[in-house]
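First the structure, in the form of structure tokens, and then the observations on it.
The values are calculated or read from the model by the stated rules, or taken from the named source; none is laboratory data. These figures come from a predicted structure and were not determined experimentally. Cβ coordinates were reconstructed from backbone atoms using ideal geometry, including for glycine residues, and neighbour counts include every protein chain displayed. Areas reflect the complete protein model, heavy atoms only, side chains present, ligands, DNA and RNA absent. Shrake-Rupley method; radii C 1.70, N 1.55, O 1.52, S 1.80 Å.
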Amino acid sequence: MAKSIEEIVKKFKDCKFYKGEIKENEMLSAHTTMKVGGPAALFLVPSSVDSAIRAVLMCIKYDIKYFILGNGSNIVFADDGFEGVVISTAALNGLSLSRSAKISPLKISYCPKIKESCPVKINCQCGVLIETLSGYCEENALLGLESFAGLPASIAGAAYMNARCYSVDAATLIDSVEYLDLDELRALERIKEFDENSEDKVECFIKMYHNIEGNEDWSYKVSPFTGKNVFISSVVLKAKCVFPELHENVKPDAEIRDFIHEENMKFLRDRESKGHFKAPSAGSVFKNNRNFGFPSGKLVDDAGLRGLSVGGAQIAPWHGNFIINNGNASASDIKSLVEIARSKVFENTGNKMECEILFI
């Protein structure tokens, strides 16, 4: 039987194995890039993967509605908020490296200091932000992730939707993914017997996903997890360390760090020039579809909708595939603009655009 929010709040406060923040009536507008959304009845920020899994298991056991939130970069919560538990991954931001002994020559003419590289794996907890990851790559002389610099997402969010940046799919960088199949968990009889105050390890519920290369389940902005009820707990990425001496705990010199910083900045500056950060938004509203012949932004522009406003939401005057919050947008304003754009483009071209934003 479902328990009331009051009862579940007490359960979390009394759970000696749950570690992390517990907030009641937390405004969700503070946790999304669109800056929209009412209060969550209960907002949790677990400080470990163990606590995050316990939180999920408790919600399933007590039949409480829940939502797992990353950086909130493509999420719009309802104006009335979320009458359930929102589990934030913000504190699950651990990063570490696994290095290979294999070293290969690598010459980059515009950075003579770089002469060789070795393969590395970057172990990321689910809440690691791409911004943090870019800085980590600079500090540790890691190449391969530059095109993602400036993407306002967590690594789990990027993996979930197979984010694509400057023609590079996240799938090409991913080595493996750890996740929980939440629908499968709900179906397990033993969940009913789960004791949140027992010392039983909960990591046993985690699954590992390998065999990403060449797998048809990964395609343009689609992963094997897209549209499914999963909790991605960690992602392992592939990169190249261009300072192999790093394994001896010697830090890369400034010239190498500055080179990687500048490679990241090229993409960040391009995003800025396109107006990605001029106002709160949820990024691209519609997926591009090559069969349409033109990007979704151009289809919206050709429909004469650029700059159109509904309430406090507006199709960006500088880009047809962005909806921005001019300061007082509501979720219903944004949803109305999405429907107007989709309907008008369909009327003009017969093309049905697919929305990337998730309305919760």
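Any chance you could count how many residues in segment 223-260 are open to solvent by 20 Å² or more (accessible area, probe 1.4 Å), of a type outside the set (D, E, K, R), under 21 Å from S100 (Cα atoms) and over 18 Å from the mean Cα position of the chain (by Cα)?
4
Across segment 90-148, what is the total count of residues that are assigned to a loop (DSSP other than H, G, I, E, B) and of a type in the set (A, V, I, L, M)?
So the count comes out to 11.
In segment 57-74, what residues are at pLDDT 95 or above and of a type in the set (A, V, I, L, M)?
Listed by number, the residues that qualify are I68, L69.
Would you kindly identify the strands (runs of 3 or more DSSP E) lying entirely within segment 256-360 that contain at least 1 residues that are within 26 Å of C137 (Cβ to Cβ)?
Where strands (runs of 3 or more DSSP E) fall fully within segment 256-360 and carry at least 1 residues being within 26 Å of C137 (Cβ to Cβ), they are 281-284.
From S88, S98, which residue is in contact with a strand residue (DSSP E or B) (Cβ under 6 Å, 6 or more places away or on another chain), among the hydroxyl-bearing types (S, T, Y) and open to solvent by less than 10 Å² (accessible area, probe 1.4 Å)?
Of S88, S98, the one residue that is in contact with a strand residue (DSSP E or B) (Cβ under 6 Å, 6 or more places away or on another chain), among the hydroxyl-bearing types (S, T, Y) and open to solvent by less than 10 Å² (accessible area, probe 1.4 Å) is S88.
Could you give every pair whose Cβ atoms fall below 9 Å, whose first residue belongs to segment 184-206 and is over 20 Å from F225 (Cβ atoms) and open to solvent by 70 Å² or more (accessible area, probe 1.4 Å), and whose second residue is at pLDDT 80 or above and in a helix (DSSP H, G or I), counting only separations of at least 6 or pairs across chains?
K192/K61; E193/K61; K201/D50
Checking S167 against (1) open to solvent by 20 Å² or more (accessible area, probe 1.4 Å); (2) touching a residue at least 40 places away in the same chain (Cβ under 8 Å); (3) at positive phi, only one condition comes out false. Which one?
Only one criterion is unmet by S167, namely (2).
Looking at Y179, Y160, which is the one that is closer than 23 Å to P280 by Cα and of a type in the set (F, W, Y)?
Being closer than 23 Å to P280 by Cα and of a type in the set (F, W, Y) holds for just one of Y179, Y160, which is Y160.
Could you please find all residues in segment 331-360 being over 26 Å from G227 (Cβ atoms) and out of contact with any helix residue (DSSP H, G or I) (no Cβ under 9 Å at 6 or more places or on another chain)?
Listed by number, the list holds a single entry, E347.
Could you look through segment 118-138, keep only residues that are of a type in the set (A, V, I, L, M) and either within 12 Å of N93 (Cα to Cα) or modelled with pLDDT of 95 or more (or both), and pick out the one that is farthest from the chain's Cα centre (by Cα)?
I122
Could you please find all residues in segment 103-128 being in contact with a Cys (Cβ under 9 Å, 6 or more places away or on another chain) and farther than 12 Å from V242 by Cα?
I122
Looking at (1) open to solvent by 60 Å² or more (accessible area, probe 1.4 Å); (2) modelled with pLDDT under 95, which is the only condition Y18 fails?
Tallying (1) open to solvent by 60 Å² or more (accessible area, probe 1.4 Å); (2) modelled with pLDDT under 95, Y18 fails exactly one: (1).
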